[in-house]
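Notes follow the structure.
The values are calculated or read from the model by the stated rules, or taken from the named source; none is laboratory data. All figures in this text were calculated on a predicted structure; none of them were measured in a lab. Every residue, glycine among them, receives a Cβ derived from its backbone with ideal geometry; neighbour counts consider all protein chains shown.
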Amino acid sequence: MVKGKVCVLGSFIVDLMMRAPRLPVPGETVKGTIFKIGPGGKGSNQGVAAHRAGADTTMITKIGNDEFAPIALNSFEGEGMITDYIFKDETADTGAALIMVDENTGQNKIIVTLGASDKLTQEEIDLASEQIINSDILLIQLETNFDALEYAVSIAYANEVPIILNPAPADMVSDEVLARIDYLTPNESEASVLCGFPVKTDEDLRKAGLYFLDKGVKNVIFTLGEKGAFLMNRTQQGMFPAFDVNIIDTTGAGDAFNGGLAVALAEKMPLDQAITFANAVGALNVTKIGTAPAMPFREEINLLIEEN
Ligand code: RIB
């Protein structure tokens, strides 16, 4: 198998995760059962997902000069990923997230501070530009500063490198950037923030899909959790049901899906197969605790697809 080349521009965040029998309401303290500190951040999670799923993956991110920074370097080195484009900010903190997981449902609540991930410079993107240009796909999210993202998008677009934008966490994206996106992967709430109307029903999904296509997005792939993924482009519309698995922790499932999608597209799989592959990566991720550490390897992904 020829490896695809995936370039991920995104955050590195240290995840401080606790599990509890239920999530607290405002003002309440709930006793937890597990506490873990580990590598996370949507960008980094997607990078690890792509690497484990079989792509030659370049990660572009930024960390601080603090006690959390070694967690990033140890994690990427432990995965066998190159760290040449992990930039360092001497004054900012490394990003951090407080994640609460309900151990009965696997659902979570997250607060994230982006820290150094929000401080990528144009010079740093220039240093990594050859990596973007030589990739089969550029994968981006919204946990980095928008000017850096916009600049990376312009490099990819000028060099005909297809772009996946996972618009998470939900935020506004300029029409100029949307017009250059080949694959947009929002969930319902992210879609709603981007298009400015509620996205809840099947009819809303189609309306939102048309909204994005009219903005110039080539393919919209809505991620719908346990329901699966819904694809819309100018010639196709279809639901790709999720794999039926035992849900332990949904944190990072969207990142797993996006990392998987990037690998499949970089390997030039047809889009329907690529979405099934992404669904499998997302499904396997929720069967384990954590974010980056819960990303599946290629053999597990292939097995799940073969068995279904
Ligand atoms: O998507 C999950 C990620 O969101 C976590 O790893 C956390 O760092 C937040 O960025």
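Details
- Matching option when the condition is loosely packed, with under 15 Cβ neighbours inside 10 Å and touching a helix residue (DSSP H, G or I) at 6+ places or on another chain (Cβ under 8 Å), among Q141, Q122: Q122
- Odd one out for D147 among (1) surrounded by fewer than 20 Cβ atoms within 10 Å (Cβ to Cβ); (2) part of a helix (DSSP H, G or I); (3) out of contact with any helix residue (DSSP H, G or I) (no Cβ under 8 Å at 6 or more places or on another chain); (4) of a type outside the set (F, W, Y): (3)
- Strands (runs of 3 or more DSSP E) wholly inside the stretch 191-250 that include at least 3 residues being buried (at least 17 other Cβ atoms within 10 Å of the Cβ): 219-223, 228-232
Per-residue answers, yes or no, for (1) buried (at least 23 other Cβ atoms within 10 Å of the Cβ); (2) within 30 Å of N246 (Cβ to Cβ):
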{"position": "R52", "(1), (2)": "yes, yes"}
{"position": "I60", "(1), (2)": "yes, no"}
{"position": "I63", "(1), (2)": "yes, no"}
{"position": "F68", "(1), (2)": "no, no"}
{"position": "K88", "(1), (2)": "no, no"}
{"position": "T94", "(1), (2)": "yes, no"}
{"position": "L114", "(1), (2)": "yes, no"}
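- Residue in the stretch 272-292 that is of a type in the set (D, E), crowded, with 23+ Cβ neighbours inside 10 Å and modelled with pLDDT of 95 or more present: no
- Flag if G228 is in contact with a strand residue (DSSP E or B) (Cβ under 7 Å, 6 or more places away or on another chain) and on the phi < 0 side of the Ramachandran plot: no
- Being within 13 Å of the chain's Cα centre (by Cα) and in a helix (DSSP H, G or I) is a condition met by at least one residue of the stretch 263-272.
- All positions within the stretch 59-93 that are within 15 Å of the ligand (Cβ to nearest atom), over 30 Å from R22 (Cβ atoms) and not in a helix (DSSP H, G or I): M59, T61, K62, I63, G64, D93
- Some residue of the stretch 9-30 being out of contact with any helix residue (DSSP H, G or I) (no Cβ under 6 Å at 6 or more places or on another chain), within 23 Å of A278 (Cβ to Cβ) and not β-branched (V, I, T): yes
- Residue selected from the stretch 103-112 under the condition surrounded by fewer than 18 Cβ atoms within 10 Å (Cβ to Cβ) and part of a strand (DSSP E or B), by the criterion farthest from the ligand (Cβ to nearest atom): K109
- Flag for K42 being within 22 Å of E300 (Cβ to Cβ) and crowded, with 20+ Cβ neighbours inside 10 Å: yes
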